[in-house]
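The values are calculated or read from the model by the stated rules, or taken from the named source; none is laboratory data. From a predicted model like this one, the values you see are computed outputs, not experimental measurements. Don't worry about glycine lacking a Cβ; one is built from the backbone with ideal geometry, like all the others, and counts go over all protein chains shown.
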C-alpha cells in the first residue's frame, strides 16, 4: 500500500510540474514577431498593456502592434516584420495614411500576445 501511495504521489508531482511550466510562444508565430514580443517584454510596463494582434489583410497575415499612446503610431507588419503602415495614431489619430482601409478591410483579428505584467 505504501508503494502504491508513493507511486500516486510521484505521478501527481510530475503532472503538477508539467502544468506549471511556462508555455512557449505559439510556433505558428513568425520568429521576427516573437522577437518583437521579447523586445516589448524588455521595455517598461505600459498602460494599456502592450499587445500584438494577427489579422488577415489584403490576402496576407499581418501583425498589428497598437501604440501605448494616441500621439504615437500603431504599427502594422507583414509576416517578415516589414513595416506596411501605421493604421492609426500620430497627431491626427489617422495614422500615416498608407492603409486607411485597414480597420474596415482586415478580418479574423486574433490577440496573439498581451503583456501580463502589472
### Message
Looking only at the stretch 73-107, how many residues end up being in contact (Cβ under 8 Å) with a residue 12 or more places away in the chain, within 22 Å of residue 48 (Cα to Cα) and within 15 Å of the chain's Cα centre (by Cα)?
### Response
3
### Task
Tell me which residues, restricted to the stretch 81-113, are under 25 Å from residue 44 (Cα atoms) and exposed (fewer than 14 other Cβ atoms within 10 Å of the Cβ).
82, 83, 91, 93, 110, 111
### Query
Which condition breaks for residue 24 when tested against (1) in a helix (DSSP H, G or I); (2) modelled with pLDDT under 95?
(1)
## Note on the structure
So, first residue assigned to a helix (DSSP H, G or I) in the stretch 34-53, second residue at pLDDT 95 or above and buried (at least 17 other Cβ atoms within 10 Å of the Cβ), Cβ within less than 6 Å, six or more apart or across chains; the pairs are 37/113; 40/50
### Query
Which condition does residue 95 not pass, out of (1) modelled with pLDDT of 95 or more; (2) on the phi < 0 side of the Ramachandran plot, if it passes all the others?
(2)
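Regarding residue 118, is this residue surrounded by fewer than 10 Cβ atoms within 10 Å (Cβ to Cβ) and more than 24 Å from residue 28 (Cα to Cα)? I'd like the intermediate steps shown before the answer.
On the way: surrounded by fewer than 10 Cβ atoms within 10 Å (Cβ to Cβ): yes; more than 24 Å from residue 28 (Cα to Cα): yes.
So residue 118 fits the description; yes.
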